[in-house]
Amino acid sequence: MTARRGWRTMGAIVLAIAGMGARTPSARYPSPIEVAVSPDGGRVYILCEGTGEVAVWDTRAGAIVKRVAVGRVPKGMSLAADGRRIWVANSWSDNVSEIDTGSLAVVRTLPAGEEPNAALADRAGRFLYVANRIGNDISVVDLGTGQEVKRLAAGRGASYLALSPDGARVYCTHIYPRMGRPRSQPESEITVIDTARQVVMERKTLANAAGVFHVALSADGRLGLAAQLRPKNLIPLAHVEHGWVFGNSLSVFGADVGEPVQIPLDELDRYYTPPFGVAIARDKSAAYVSTTGSDSVTVIDVAGLLRTIAAASPEERRMMANDLSASANYVAARIPVGHGPKGLALSPDGTRLYVANRTGDDVSVIDTASRKVTATIGLGGPGELTFERRGERLFFSARFAFQGHFGCANCHLEATFDGLEWDLEPDGFGKDIVDNRLLEDVADTAPFKWNGGNPNLETECGPRTEKYFYRAQSYSPEELFDLVAFIKSIPLRPNRHRLPNGELTAAQERGKAIFERTRKKDGTPIPQANQCAVCHSGPHYTNQKLADVGTGKPADRSPKFDTPQLTNVVLTAPYLHDGSARTLEEIWTVFNPRDQHGVTNDLQKDELNDLIEYLKTL
Amino acid sequence: MKKMVLLAVLAGAALAAPPGMPRFRWENFTTADGLPDNHVFNVCVDGDRVWAATENGLGLYQDGKWRVFTPKDGLAHRAVLYVAPDPRTGDVWIATMGGLSRYSAGRFDTFTQLNSGLANDVVYGVSVQGDFVWAATAAGGSRLNTRTGEWTLFNERNTPMYEIWTYAVDAKPGKVYYAVWGGGVLEYDVNSDRWKDYNDPDGETEIVLYKDQGLVHEITTSVSYAERDGILWVATYFGASRYDGRNWHNFLEKDSGLPSNFLNQVKAVDGKRAWFSTDKGLAYYDGENWAVYRPALDTHKPEMLVRDRAGAVTRVGVDTAPAHHYVLGVDFQGEDIWVATAKGLSHGIRVREEGSR
């Protein structure tokens, strides 16, 4: 580091500390996440997650003509077939805003489940389907009465919805994989709903997929595309140069291809990750996929894709996602766009593609003929980027890893987690397997890593990332500072298990008493080191020390692990350092035979249930 | 001796048989037809799907074909004891000897005493009540709130359940009933959130000392609540009971048309009518008259007996019968009936005759 750069860094740190000392509310950036275009092409509706609004862009006036306030942290948006209604899924409000596009006002707030991420009506406008990300289900809301009539079991992390062109089916994809056996290949599913009966009629299993984002259907209904990650988490993360960390791919399904097939978006020496938004041209000439970390949109030649799939043998189809040379047969272009592209939508005539650049706070307008960005719609927001915002861009970027392979957000999906266990260290196959932990509320929980090896986030995110993960250029000191500032600012989601008045239910109260007890049921004192509330103490429910709770495996280098914080622990299954406990219950029913991880073996089953109900409130 | 009495009654009352008791043409399924096992513990009709809970897997009959599910497919255990559909979602809940499974569009999700809040892996019965799934287990009742994932257990510590071996559950919108094997019947009132127990007033004796003064016996095997009429039907190993909220009426082999006091299941049609699965045949009660369907106990030939309100018994000529006289459960498919027996699954196809009802 040069002296000048060092002073600049020091100055930045001083400024940051001064500015962040009081943890002032962070600036509100629009953070556009989804776009939709009116049937006449005259309006572009832009859902802004950061400011909680739908910005309405008039294509003729070339201006934002209205900003419609919706709920907290809106994540998903859809437009009615006739264009008269917009439904916005408010992920932190657990409801859906219904907007009248005539008056451009919210006319109704509809119920949803836990953390709704997408909302979509059937063609007749009778029922609204809402994908609930942490509820792992789909709410069915009667649009006539405005009441939720039932919830359908989805996969884990139900997040994105698409309606078949004939209106007969709703397709749901999932940001997290199914809860499988430990150390098994991940798999996800596309949940297919029969809109006539409002029931799940099919579950398309997506082998080796975890982190599945948008799904789209062609206008003729014969082709479906789902954007997805293929994590290679069963092998040591030491082979970035061989591409053995992530595959970025599409699941291709429908009558055009017969049995579903997965195809790569990557090239042999370049990765485009993570694939998020999908749109298919009405004439099926092209498909478009946004890749958030690569700041680009990939253009697929659909005819070339179908030819490639048709020419493949069954074995070649099965392995196609791993053949990175295949993409040369159908990738027609990579179009650079703004920062962090997410949702995208085509104009009705197919001439323009609108791309929401979440961390860029703008929308790229692509001319689909020239495949170039011809305009950018700015959404305003703070004039300057805060440290946290710069860090957020870095967090979602894949440009630091070798060949642009992946970024922080590939494992910490949308700044959360991925529900997977990873073999991170280059210490041999199957050693030191670690569960991916939630990033919310980590700021004051040092040390980091399950073995507590990193004393602060700067070490965790800097040298460790550079040395073990990216195998390439890592962050400058300024960038590292920004990145850590962002991670520390990641907000804690509302806890759905607490009563609105802050009180505990009877079961939660009983569970709290068990959590805080100092004696067994027979009156025997419980040693301090074995009391729940001693190790899981403080505002984050961690004493920030290492402990041996009897869960170490022969392949672990040490039986001692960092005591994890418990805030929102209910979200983060699987559990224990290596993800071997698939549920909270298994922590004690399976992995605590000698009462080393708290004293639980004197508890009746209903008492253990009470303890778990309390843990869900933390 | 009983046989002689029956024959005497048959001979004396052949002409007095009431018309109109339902008649069926029976089609029987065994492993030869694709049924997973001939020991069928229960049967569940779910629209055009029929689920067979067998000792060695779950059978699904649809479009004239059998499909078999086993633990290899994700089912909790091969021994399936009960199946309950959720008509709102189209999912099916499956009680097994190794946990509770949910089948949803090809995917099994399994809840056990280790991976969830389920009280015990031996699940005898399950019933769906809106967003709640109620299970009857060998260690009490369990209720899953499918929206929140919360499990609530019901046992001797929070209900008047002195015996925790729950054998069946029937959850209706207003009330939930548990058959507690050796502990009578438990009632949960949804509105008041209160439990109440019903027991045999003369204790566990196998002799009914106080006829119609209470539940016929503590060893209950099945409950069926006709909520519209407010009538509870109970099956025990020593007779059946009907309760209207004030009065009990007990049915015994000696003074009703039940072919046996040993009952595996009762299933209400309404407050007046019910079907009884016994070890000596399938019985139907229409409020006055009784009918029994079975292969004859001695000759094994198809048999249908009708007993009128006066006690006169008529033998009705039939060509077919359920697969076996040991009947474990029934379910309805329109006017048809499906019957789980110890030696196969039977489909009773309603035969319409003049005067029948």
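The values are calculated or read from the model by the stated rules, or taken from the named source; none is laboratory data. Computed from a predicted model, the values in this text were never measured in an experiment. No Cβ is skipped: glycine too gets one built from the backbone with ideal geometry, and neighbour counts run over all protein chains shown.
Return the total of residues in segment A:303-361 being farther than 30 Å from A:Ala55 by Cβ, out of contact with any Gly (no Cβ under 6 Å at 6 or more places or on another chain) and polar (S, T, N, Q). Give the derivation first.
Step one: of segment A:303-361, the residues farther than 30 Å from A:Ala55 by Cβ are A:303-332.
After this cut, where a residue has to be out of contact with any Gly (no Cβ under 6 Å at 6 or more places or on another chain) as well, the list is A:303-320, A:322-328, A:331-332.
Those still in the list that are polar (S, T, N, Q) too: A:308, A:313, A:322, A:325, A:327.
Residues meeting the conditions: 5.
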Quiz item: In segment A:553-590, which residue that is free of Cβ contacts under 8 Å to residues at least 24 places away in the same chain and more than 14 Å from chain B (Cβ to nearest Cβ) is surrounded by the most Cβ atoms within 10 Å (Cβ to Cβ)?
Solution: A:Pro559
Quiz prompt | Residue pairs meeting the criteria (Cβ under 8 Å; at least 6 apart or on separate chains; first away from chain B (no Cβ under 13 Å), in segment A:598-610; second among the aliphatic types (A, V, I, L, M) and assigned to a loop (DSSP other than H, G, I, E, B)) | solution = A:Gly598/A:Val549; A:Val599/A:Ile526
Practice problem: Scan segment A:446-503 for residues that are touching a helix residue (DSSP H, G or I) at 6+ places or on another chain (Cβ under 7 Å) and either within 14 Å of chain B (Cβ to nearest Cβ) or among the acidic types (Asp, Glu) (or both) and jot them down. | Solution: A:Glu458, A:Glu478, A:Glu479, A:Asp482, A:His497
Quiz item: Out of segment A:119-149, which residues are among the small types (Gly, Ala, Ser), facing chain B (nearest Cβ under 10 Å) and over 19 Å from the mean Cα position of the chain (by Cα)?
Solution: A:Ser139
Practice problem: Looking only at segment A:150-168, decide whether some residue is part of a strand (DSSP E or B), among the acidic types (Asp, Glu), over 22 Å from B:Asn145 (Cα atoms) and away from chain B (no Cβ under 14 Å). | Solution: no
Quiz item: Would you call B:Asn191 within 14 Å of chain A (Cβ to nearest Cβ) and out of contact with any Asp or Glu (no Cβ under 6 Å at 6 or more places or on another chain)?
Solution: no
Exercise. Find the helices (runs of 4 or more DSSP H) located wholly in segment A:314-422 whose residues include 2 or more that are over 25 Å from the mean Cα position of the chain (by Cα), and list them.
Key: A:314-319
Quiz item: So which strands (runs of 3 or more DSSP E) stay within segment B:76-181 end to end and still have 3 or more residues that are at the interface with chain A (Cβ under 8 Å from one of its Cβ atoms) and either modelled with pLDDT of 95 or more or farther than 29 Å from B:Gly230 by Cα (or both)?
Solution: B:151-154
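Could you say which residue among A:Thr505, A:Thr524 is polar (S, T, N, Q) and exposed (fewer than 14 other Cβ atoms within 10 Å of the Cβ)? Walk me through how you get there before you give the answer.
Details: A:Thr505 fails: exposed (fewer than 14 other Cβ atoms within 10 Å of the Cβ).
Answer to the selection: A:Thr524.
Here's the yes/no breakdown for (1) modelled with pLDDT of 95 or more; (2) in contact with a Leu (Cβ under 8 Å, 6 or more places away or on another chain):
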site: B:Gly184; (1), (2): yes, yes
site: B:Val190; (1), (2): yes, no
site: B:Asp193; (1), (2): yes, no
site: B:Lys196; (1), (2): yes, yes
site: B:Gly203; (1), (2): no, no
site: B:Glu206; (1), (2): no, no
site: B:Lys211; (1), (2): no, no
site: B:Leu215; (1), (2): yes, no
Quiz item: Given (1) free of Cβ contacts under 8 Å to residues at least 40 places away in the same chain; (2) under 20 Å from A:Thr563 (Cα atoms); (3) surrounded by fewer than 18 Cβ atoms within 10 Å (Cβ to Cβ), where does A:Lys467 come up short, assuming only one miss?
Solution: (2)
Quiz prompt | Residue that is nearest to the other protein chains (Cβ to nearest Cβ), among those in segment A:192-229 that are within 23 Å of A:Ser580 (Cβ to Cβ) and surrounded by fewer than 22 Cβ atoms within 10 Å (Cβ to Cβ) | solution = A:Ala207
Quiz prompt | Single match in A:Glu392, A:Glu384 (criterion: closer than 29 Å to A:Lys488 by Cα and surrounded by fewer than 17 Cβ atoms within 10 Å (Cβ to Cβ)) | solution = A:Glu384
Quiz prompt | Test set (1) closer than 22 Å to A:Thr298 by Cα; (2) buried (at least 17 other Cβ atoms within 10 Å of the Cβ); (3) touching a strand residue (DSSP E or B) at 6+ places or on another chain (Cβ under 6 Å); (4) more than 14 Å from chain B (Cβ to nearest Cβ) - A:Asn233 fails condition number | solution = (1)
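Go through segment A:443-484 and count every residue that is under 16 Å from A:Leu546 (Cα atoms) and either among the hydrophobic types (A, V, I, L, M, F, W, C) or not in a loop (DSSP other than H, G, I, E, B) (or both).
Let us first name the residues in segment A:443-484 that are under 16 Å from A:Leu546 (Cα atoms), namely A:444-456.
Remaining after also requiring either among the hydrophobic types (A, V, I, L, M, F, W, C) or not in a loop (DSSP other than H, G, I, E, B) (or both): A:446, A:448, A:450, A:454.
Summing the residues that are under 16 Å from A:Leu546 (Cα atoms) and either among the hydrophobic types (A, V, I, L, M, F, W, C) or not in a loop (DSSP other than H, G, I, E, B) (or both) in segment A:443-484 gives 4.
Taking B:Asp319 as the residue in question, decide whether it is acidic (Asp, Glu) and buried (at least 17 other Cβ atoms within 10 Å of the Cβ). Step through it out loud before you land on a result.
Details: acidic (Asp, Glu): yes; buried (at least 17 other Cβ atoms within 10 Å of the Cβ): no.
Taking the combined requirement at face value, the residue does not satisfy it.
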Exercise. Among residues belonging to segment B:20-75 that are in a strand (DSSP E or B) and of a type in the set (Ser, Thr, Tyr), point out the one that is farthest from B:Val351 (Cα to Cα).
Key: B:Thr54
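For residues in segment A:171-191 being surrounded by fewer than 19 Cβ atoms within 10 Å (Cβ to Cβ) and in contact with a Ser or Thr (Cβ under 9 Å, 6 or more places away or on another chain), which is nearest to the other protein chains (Cβ to nearest Cβ)?
A:Met179
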Quiz prompt | Sole exception among (1) outside any loop (DSSP other than H, G, I, E, B); (2) of a type in the set (Gly, Ala, Ser); (3) closer than 17 Å to A:Ala207 by Cβ for A:Ala119, by number | solution = (3)
